[in-house]
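Novice: Attaching a single structure in structure tokens format; questions to follow.
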Amino acid sequence: MFRLFPAAYNIGMDLGDFLTRWTVRGAMVFYVFGLASFGWRRAAWTAGCALYLLHVIAAFAFFHNWSHDEAYAFTAEQSAAVAGLRWGGGLFVNYLFTVVWVGDVGWRWLLPASHRNQPRWLTWTVHGFLGFIAFNATVVFASGFSRWFGIAACVLLSVPRLRQNHSPQRHRGTEKGK
């Protein structure tokens with residue numbers, strides 16, 4: 001019998017589980033590449049968002065039977081296991097995450113000049129929100145490979161910012177008499 005992803009079956013993972021896990025993992029890799037600005041920011045950001053949308057589709061198709069109520073109950077179970085609070089409202093936060101990321105990608109493609117000139121507070125708000133959710137998804141609620149990836153990504157993305165904030169050039173001219 002032909003299987004689309006034979007490696008997934010060798011480790012006891014069915015197709016739905018494989019697609020759901022690896023689309024979100026790929027999304028987070030491109031999310032980090034998009035933030036790190038490796039020269040292909042918009043393409044990486046878009047690819048990450050597309051993989052994330054495929055993850056949402058796979059999760060609803062393979063795990064939640066296209067039911068918001070089932071997804072809500074699953075989210076409540078996860079929250080209870082991690083935080084001790086049985087609350088599924090995080091699902092609405094995930095919906096907002098989806099809207100914000102898709103909106104940002106659309107803005108980048110449809111009005112690139114406007115996006116480049118957006119107010120700094122908006123940039124920080126969008127990336128702060130997306131980063132907070134990505135951190136929780138990869139570090140707080142995940143385990144194994146995904147958690148280690150999330151930790152490494154946070155370090156990777158923090159080091160350049162820390163260097164920038166502590167560079168001597170940033171502090172030039174701030175001494176008395178200059």
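Novice: Taking into account only those residues within the stretch 117-127 that are assigned to a helix (DSSP H, G or I) and surrounded by 10 or more Cβ atoms within 10 Å (Cβ to Cβ), which is farthest from the chain's Cα centre (by Cα)?
Specialist: Here the residue is 122.
Novice: Here's a follow-up. Go through the residues of the stretch 89-97 one by one and say whether even a single one is surrounded by 13 or more Cβ atoms within 10 Å (Cβ to Cβ), in a helix (DSSP H, G or I), in contact (Cβ under 8 Å) with a residue 60 or more places away in the chain and not hydrophobic (A, V, I, L, M, F, W, C).
Specialist: Taking every residue of the stretch 89-97 in turn, none turns out to be surrounded by 13 or more Cβ atoms within 10 Å (Cβ to Cβ), in a helix (DSSP H, G or I), in contact (Cβ under 8 Å) with a residue 60 or more places away in the chain and not hydrophobic (A, V, I, L, M, F, W, C).
Residue-wise test of (1) closer than 23 Å to residue 147 by Cα; (2) of a type in the set (Lys, Arg); (3) modelled with pLDDT under 95.
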{"site": "34", "(1), (2), (3)": "yes, no, yes"}
{"site": "56", "(1), (2), (3)": "yes, no, no"}
{"site": "67", "(1), (2), (3)": "no, no, no"}
{"site": "75", "(1), (2), (3)": "yes, no, no"}
{"site": "92", "(1), (2), (3)": "yes, no, no"}
{"site": "103", "(1), (2), (3)": "no, no, no"}
{"site": "106", "(1), (2), (3)": "no, no, no"}
{"site": "117", "(1), (2), (3)": "no, no, no"}
{"site": "123", "(1), (2), (3)": "no, no, yes"}
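The values are calculated or read from the model by the stated rules, or taken from the named source; none is laboratory data. Because the structure is a prediction, the values reported are computed rather than measured. In this analysis, Cβ positions are derived from the backbone assuming ideal geometry, glycine residues included, and neighbour counts consider all displayed protein chains.
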